[in-house]
Amino acid sequence: MKGIVFTKFIEMVEAQFSIDTAEDMIEACDLPNGGAYTSVGTYDHQEMVALLVQLSRMTGKPVPDLLRAYGNFLFGQFVQLYPVFFNGVTSSLAFVGLIDGVIHVEVLKLYPDAQLPRFETLSRSDDELKVVYRSDRHLGDLAEGLLEACIAHFGEQASVSLKRENLEEPGEPVCFTMTRRL
Ligand code: HEM
C-alpha cells in the first residue's frame, strides 16, 4: 500500500482527533518503521489494518465508520493534490465512471507498484451508474466514504444517492449504485 494512504490517514487522525491520539496510535502499533511513512514508499497493508484497529480501540468508533470518515477526508485531499483529474468533469457519475479506466491508470503511471482496486461498470445511463468494487484489500468502507465525498464535491442540482450492496461472491465484492433524481 502506498505511503500516501498512511500519511493522509495520520493527518486525518491529527485533524479530527488530536496530535496526541495520532502519536499514541502509532506507538501502540509497534510498527517496523516507527510510523515514519513517505508518500512514495510502499508498506504492508497489514500496518494500515493495525492502525485502524488501534484507533478504533482508542476512540470507541467502529473500524467501518473510521474507514468511511477516512474516505471522506482522502477525497478532499485528492481534489487538492490532483486537480487535473477534475478538469472538465461536471458530475459525480461522470467522475466515478473514470476511476477504473482513466484515474487509477494514471495513478499506476505515477506509482507503478500501487495496488489498486477494480471498479467494474455494470450498467450506465444518464441517471444511474452501477459499479462493482473488487480488491484483495477489502476496503469497501473506504470506497463508500470516497464515493460519498465525491457526490458532495460536485454539489449537483439534482440529488445523487448512493446505494451499497455487499455481494455474496468470492472476494466479497461490493456493488455501488449511484442514482440521480431531479
Ligand atoms: C471517487 C473516486 C475514487 C475512489 C472511489 C477510489 C477508490 C480507491 C480505493 C478504495 C483504494 C484503496 C485500495 C483498495 O481498495 O484496494 C484506492 C487506492 C488509491 N487511489 Fe483511488 N479512488 C478514487 C479516486 C482517486 C483519485 C482521484 C486518485 C488520485 C490520483 C486516487 C489515487 C489512489 C492511490 C494513490 C491509491 C493507493 C494505492 C496503493 O495503496 O498502492 N484515487 N482508491
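The values are calculated or read from the model by the stated rules, or taken from the named source; none is laboratory data. What you are looking at is a predicted structure, and each value in this text was computed from that prediction instead of being measured. All Cβ positions, glycine included, derive from the backbone under ideal geometry; neighbour counts span all protein chains shown. The accessibility values were calculated without ligands, DNA or RNA, using every heavy atom of the protein model including side chains. Shrake-Rupley method; radii C 1.70, N 1.55, O 1.52, S 1.80 Å.
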- Name the residues in the stretch 103-148 that are more than 9 Å from the ligand (Cβ to nearest atom), part of a strand (DSSP E or B) and open to solvent by 30 Å² or more (accessible area, probe 1.4 Å), would you? GLU120, THR121, LEU122, SER123, ARG124, GLU128, LYS130
- Identify all residues within the stretch 90-118 that are touching a helix residue (DSSP H, G or I) at 6+ places or on another chain (Cβ under 7 Å), among the small types (Gly, Ala, Ser) and under 18 Å from LEU162 (Cα atoms); write none if there are none. SER91, SER92
- Item | Top-ranked residue of the stretch 1-29 - restricted to ones that are β-branched (Val, Ile, Thr) and more than 19 Å from the chain's Cα centre (by Cα), ranked as nearest to LEU66 (Cα to Cα) | THR21
- Check off (1) more than 28 Å from LEU182 (Cα to Cα); (2) in contact with a His (Cβ under 9 Å, 6 or more places away or on another chain); (3) of a type outside the set (Asp, Glu) for SER135 and give me the number that stays unchecked. (2)
- Note on the structure: Per the filter on the stretch 77-88, residues more than 10 Å from the ligand (Cβ to nearest atom) and either polar (S, T, N, Q) or touching a residue at least 12 places away in the same chain (Cβ under 8 Å) (or both) are GLN80, ASN87
